[in-house]
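Beneath this line is the structure, given in structure tokens, with notes to follow.
The values are calculated or read from the model by the stated rules, or taken from the named source; none is laboratory data. These numbers were taken from a predicted model, which means no experiment stands behind them. In this analysis, Cβ positions are derived from the backbone assuming ideal geometry, glycine residues included, and neighbour counts consider all displayed protein chains.
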Amino acid sequence: MSQVVKCGLIQCSNPINDESVPVAEIQQAMLDKHLPMIDEAGQKGVQILCLQEIFNGPYYCPSQDKRWYDSAEPVPDGPTTRLMQEYAKKYSMVIVVPIYEQDMRGVYYNTAAVIDADGSYLGKYRKQHIPQTSGFWEKFFFKPGNGGYPVFQTAYAKVGVYICYDRHFPEGWRALGLNGAEIVFNPSATVAGLSEYLWKLEQPAAAVANTYYIGAINRVGIEAPWNIGEFYGQSYFVNPRGQFEAMASRDQDELVIADLDLGEIDEVRKVWQFYRDRRPEAYDELVEL
């Protein structure tokens with residue numbers, strides 16, 4: 001049975017690339033840039049909207065600068081989550097809000113809050129896989145997630161979240177599918193190079209292997225003072241057959257919208273019976289090695 005859900009992704013560049021500007025001012029500028037785009041999504045009837053990784057700030061992980069700890073806030077009791085709850089309620093729009101979370105003093109997570117269409121807070125996903133390599137010193141800023149792979153029953157669909165580097169690990173994609181996800185969002189901050197080739201390979205493959213929709217979000221532009229490369233945008237939706245439903249540009253602030261028919265999940269699973277044919281009793285080595 002057809003059940004179409006209008007979904008949106010926002011990709012955005014950082015308007016302030018000046019290390020001397022206070023953290024709070026940079027955050028406010030990024031938030032101010034997003035709010036009209038969130039309004040646009042609501043006015044166009046988007047029912048589920050996802051923002052990019054740490055949407056209200058730059059991608060500061062090429063540094064190991066302690067000042068960015070000041071940009072973290074509680075979830076759901078921080079000001080950004082509360083503001084997004086107001087927008088969700090205003091437009092009857094589910095919003096996935098990736099944010100820098102302070103859990104307690106000195107403990108921080110790369111988190112996405114999920115807010116339902118009535119403005120209620122449903123829960124959060126904390127990024128599980130944290131890279132630590134040249135230009136991506138994320139372990140300096142984030143503790144690995146401890147909340148598993150939750151799936152949230154929203155007003156319009158069952159939604160899961162995976163964040164950026166997570167996408168390289170197939171186990172979490174499958175866990176989200178086993179937990180009932182119909183649409184999984186992967187907010188990211190990824191730059192040109194090898195990852196650009198993988199960007200259009202891994203997530204369509206994950207959508208096929210797990211037979212659900214994926215919304216992949218990337219920011220755009222070059223962020224000073226770190227200059228680790230160009231965030232190449234190209235946020236997109238891919239269906240359970242691995243086909244692209246919609247894709248944004250490479251270099252523009254943009255809202256990309258697609259109508260996702262959840263009935264297609266059932267049609268694909270009638271053909272590709274991956275969940276029936278999987279053999280968990282044969283996979284012990286995956287956790288023993």
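Do we find that ILE95 is crowded, with 18+ Cβ neighbours inside 10 Å, among the β-branched types (Val, Ile, Thr) and closer than 28 Å to GLN3 by Cβ in this structure? Considered against the rule, which asks whether it is crowded, with 18+ Cβ neighbours inside 10 Å, among the β-branched types (Val, Ile, Thr) and closer than 28 Å to GLN3 by Cβ, ILE95 comes out as yes. Tallying residues that are crowded, with 19+ Cβ neighbours inside 10 Å and either more than 17 Å from SER134 (Cα to Cα) or under 15 Å from the mean Cα position of the chain (by Cα) (or both) within segment 186-201 yields 6.
When you look at PRO150, is it under 11 Å from the mean Cα position of the chain (by Cα), within 25 Å of VAL4 (Cβ to Cβ) and not hydroxyl-bearing (Ser, Thr, Tyr), yes or no? Lay out the reasoning, then the answer.
Details: under 11 Å from the mean Cα position of the chain (by Cα): no; within 25 Å of VAL4 (Cβ to Cβ): yes; not hydroxyl-bearing (Ser, Thr, Tyr): yes.
When the stated conditions are applied, PRO150 does not pass them.
The residues listed here are PRO98, PRO62, PRO36; of these, the one that is closer than 25 Å to TYR165 by Cβ and either part of a helix (DSSP H, G or I) or under 16 Å from the mean Cα position of the chain (by Cα) (or both) is PRO98.
For segment 228-264, the candidate set comprises residues that are among the β-branched types (Val, Ile, Thr) and more than 19 Å from GLU40 (Cα to Cα); within that set, the residue that is surrounded by the most Cβ atoms within 10 Å (Cβ to Cβ) is VAL238.
For the condition at pLDDT 95 or above and under 22 Å from ILE163 (Cα atoms), what is the one hit in GLY106, GLY45? Quick ask: steps written out before the conclusion?
Numbers: GLY45 fails: under 22 Å from ILE163 (Cα atoms).
Going through GLY106, GLY45 in turn, just one is at pLDDT 95 or above and under 22 Å from ILE163 (Cα atoms): GLY106.
Out of all the residues in segment 12-32, is one or more more than 23 Å from ASN218 (Cα to Cα) and in a helix (DSSP H, G or I)? Looking through segment 12-32, none of the residues is more than 23 Å from ASN218 (Cα to Cα) and in a helix (DSSP H, G or I). All conditions in (1) in a loop (DSSP other than H, G, I, E, B); (2) surrounded by fewer than 18 Cβ atoms within 10 Å (Cβ to Cβ) hold for ARG67, with the sole exception of (1).
When restricted to residues that are touching a Gly at 6+ places or on another chain (Cβ under 7 Å) and either part of a strand (DSSP E or B) or over 22 Å from CYS12 (Cα atoms) (or both), segment 76-89 contains 1.
The single condition from (1) without any contact (Cβ under 8 Å) to a residue 12 or more places away in the chain; (2) within 30 Å of ASN239 (Cα to Cα); (3) of a type in the set (D, E, K, R) that LYS66 fails is (2). Would you say ASN186 is at pLDDT 95 or above, within 18 Å of TYR59 (Cβ to Cβ) and among the polar types (S, T, N, Q)? Yes; evaluated as a whole, the condition is true for this residue.
Within segment 109-127, is there a residue that is in a loop (DSSP other than H, G, I, E, B), at pLDDT 95 or above and under 20 Å from ASP261 (Cα atoms)? Yes, segment 109-127 has at least one match. LYS33 falls short on exactly one of the conditions (1) touching a strand residue (DSSP E or B) at 6+ places or on another chain (Cβ under 7 Å); (2) surrounded by 15 or more Cβ atoms within 10 Å (Cβ to Cβ); (3) basic (Lys, Arg), and that condition is (1).
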